[in-house]
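> Just dropping this structure here.
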Ligand SMILES: Cc1ncc(COP(=O)(O)O)c(C=O)c1O
């Protein structure tokens, strides 16, 4: 692979291979990442990249889309089957534009909406003031409980009935527990507002039945395709038929121009993979691995937000262990272990220097690691964090990590 690139641009060629080497010789624990299959990778670097196809299958603003229409229709049909969706738009380029299109379809600028606070697990696009969502719409934020760090559905119901938003958003970026989507549906019915979820993180778990899937009974659901769903970097929007026209118009011509059809082809491949029985086994293992990693870290004395996990991600409150989230991220990186600093509920630091780190198991599970390996990974994390001022020890751990990873090379 990449032989022609080597002749044409040896600098980028070498950097691409260096990144592959980094991915294979370290422990990638960032829960929003995954490793795509060679088939998805192949589709990403393929001929549809050359095509302009503004519009939708059968209704394009450019000629020559006979084949492209079949590719896009397959992606739509497979996503419908995977999630039990009435309507799917496969054109959003990523999670943030998918959310932008969803708001544009359902709200007018200035309308009131509700989403979870960023510091308590929500995403920037769920109404944060520095993001378009918080600037264009009147977002009121709900939170988690201080004691339990969990959502309290009665409190959310009360707040929704008082605030009367036009849209209630659930689905998060850093919430380690299951979400009661049925309860969100009930609240929206009571309040008479749009019931929307962003399942970007748990999309793969929803598709394989490891988490309640809101798609069949929510108004609109967005998801990225590159996290637990293990597809290309991209997103889709799913909705009930009654919102189909508004969603499609919001994506094109409302927000985007020509769809990236090579990525749509790669999404179709990923959806086919996710429909196979192996994907359910993979998702089961993702959750099992996260539970073992969580309990091993607690055995080492780390405090986890909500004391554990129901899904693929874990939030570790590292400040309790005498280190900040950003320090922990950089110490772990020196040991070849990759995570991201993250705020924790009722944060006392800042988003740039928060109290936590966020880790997860989608990548390591794709590499074939199971419960026993999670115990080893937990001890690597613990050793590295305990060696924060010792560069020699950290580089020794990095070597040990590299040796350990040799049995789990996904891209040969
Ligand atoms: C819940 C959620 N929504 C949206 C996004 C944004 O996706 P993207 O980075 O593809 O724009 C993320 C990204 O992490 C996310 O976690």
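Residue by residue, here is whether (1) closer than 19 Å to residue 104 by Cα; (2) assigned to a helix (DSSP H, G or I); (3) touching a residue at least 12 places away in the same chain (Cβ under 8 Å); (4) away from the ligand (no atom under 14 Å from the Cβ) holds:
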{"position": "128", "(1), (2), (3), (4)": "yes, no, no, no"}
{"position": "133", "(1), (2), (3), (4)": "yes, yes, yes, no"}
{"position": "140", "(1), (2), (3), (4)": "yes, no, yes, yes"}
{"position": "144", "(1), (2), (3), (4)": "no, no, yes, yes"}
{"position": "149", "(1), (2), (3), (4)": "no, no, yes, yes"}
{"position": "156", "(1), (2), (3), (4)": "no, yes, yes, yes"}
{"position": "160", "(1), (2), (3), (4)": "no, yes, yes, yes"}
{"position": "168", "(1), (2), (3), (4)": "yes, no, yes, yes"}
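> Evaluate the following for residue 191: is it touching a strand residue (DSSP E or B) at 6+ places or on another chain (Cβ under 8 Å) and within 14 Å of the ligand (Cβ to nearest atom)?
In short, no.
> Could you grab me the full set of residues in the stretch 1-53 that are without any contact (Cβ under 8 Å) to a residue 24 or more places away in the chain and in contact with a helix residue (DSSP H, G or I) (Cβ under 7 Å, 6 or more places away or on another chain)?
Within the stretch 1-53, 2, 5, 6, 12, 13 qualify.
> I need the full set of residues from the stretch 109-122 which are within 15 Å of the ligand (Cβ to nearest atom) and either without any contact (Cβ under 8 Å) to a residue 40 or more places away in the chain or out of contact with any strand residue (DSSP E or B) (no Cβ under 7 Å at 6 or more places or on another chain) (or both), in order please.
Correct list: 117, 118, 119, 120, 121.
> In addition: Just give me the residues in the stretch 221-233 being in a loop (DSSP other than H, G, I, E, B) and on the phi < 0 side of the Ramachandran plot, in sequence order.
Across the stretch 221-233, the qualifying residues are 225, 226, 227, 228, 229, 231, 232, 233.
> Check whether at least one residue in the stretch 99-108 is within 14 Å of the chain's Cα centre (by Cα), within 12 Å of the ligand (Cβ to nearest atom), under 18 Å from residue 250 (Cα atoms) and modelled with pLDDT of 95 or more, and report yes or no. Outline the logic, then answer.
Going residue by residue through the stretch 99-108, those that are within 14 Å of the chain's Cα centre (by Cα) are 99.
Applying the additional criterion that residues be within 12 Å of the ligand (Cβ to nearest atom) yields 99.
Next, only the ones that are under 18 Å from residue 250 (Cα atoms) stay: 99.
Filter again for modelled with pLDDT of 95 or more, leaving 99.
The answer is yes; a qualifying residue exists.
> Would you pick out the residues in the stretch 90-109 that are over 20 Å from residue 259 (Cβ atoms), in contact with a helix residue (DSSP H, G or I) (Cβ under 8 Å, 6 or more places away or on another chain) and assigned to a loop (DSSP other than H, G, I, E, B)?
Listed by number, the list holds a single entry, 109.
> Is there a residue being over 16 Å from the mean Cα position of the chain (by Cα) and within 26 Å of residue 365 (Cα to Cα) anywhere in the stretch 154-174?
No, the stretch 154-174 has no match at all.
> Next question, about the same structure. Would it be correct to say that residue 87 is within 26 Å of residue 357 (Cα to Cα) and touching a strand residue (DSSP E or B) at 6+ places or on another chain (Cβ under 9 Å)? It would help to see each step written out before you state the result.
Numbers: within 26 Å of residue 357 (Cα to Cα): no; touching a strand residue (DSSP E or B) at 6+ places or on another chain (Cβ under 9 Å): yes.
Judged against the criteria, residue 87 is not a match.
> Step by step: first the residues of the stretch 205-214, then only those that are in contact (Cβ under 8 Å) with a residue 40 or more places away in the chain, part of a loop (DSSP other than H, G, I, E, B) and over 13 Å from residue 286 (Cα atoms), then the one that is nearest to the ligand (Cβ to nearest atom). Which residue is that?
Checked the stretch 205-214; the qualifying residue nearest to the ligand (Cβ to nearest atom) is 214.
> Mind telling me which of the residues 217, 175 ends up being surrounded by 22 or more Cβ atoms within 10 Å (Cβ to Cβ) and not in a helix (DSSP H, G or I)?
Numbers: 217 fails: surrounded by 22 or more Cβ atoms within 10 Å (Cβ to Cβ).
After applying the criteria, what remains is 175.
> Still on this structure, I have one more. Can you confirm whether residue 5 is away from the ligand (no atom under 16 Å from the Cβ), over 30 Å from residue 310 (Cα atoms) and either out of contact with any strand residue (DSSP E or B) (no Cβ under 8 Å at 6 or more places or on another chain) or assigned by TED's automatic domain parsing to the domain that holds residue 131 (or both)?
yes
> Ok, one more. Give the residue that is farthest from residue 43 (Cα to Cα), with candidates limited to residues of the stretch 216-233 that are out of contact with any helix residue (DSSP H, G or I) (no Cβ under 7 Å at 6 or more places or on another chain) and away from the ligand (no atom under 11 Å from the Cβ).
In this case the residue turns out to be 216.
> Moving on. Return yes when residue 236 is within 18 Å of the chain's Cα centre (by Cα), part of a helix (DSSP H, G or I) and within 16 Å of the ligand (Cβ to nearest atom) and no when it is not.
no
The values are calculated or read from the model by the stated rules, or taken from the named source; none is laboratory data. Only a predicted model underlies this, so the values are computations on that prediction, with no experimental measurement involved. A quick note on method: Cβ atoms are made from the backbone with ideal geometry, for glycine too, and the neighbour counts reach across all protein chains shown.
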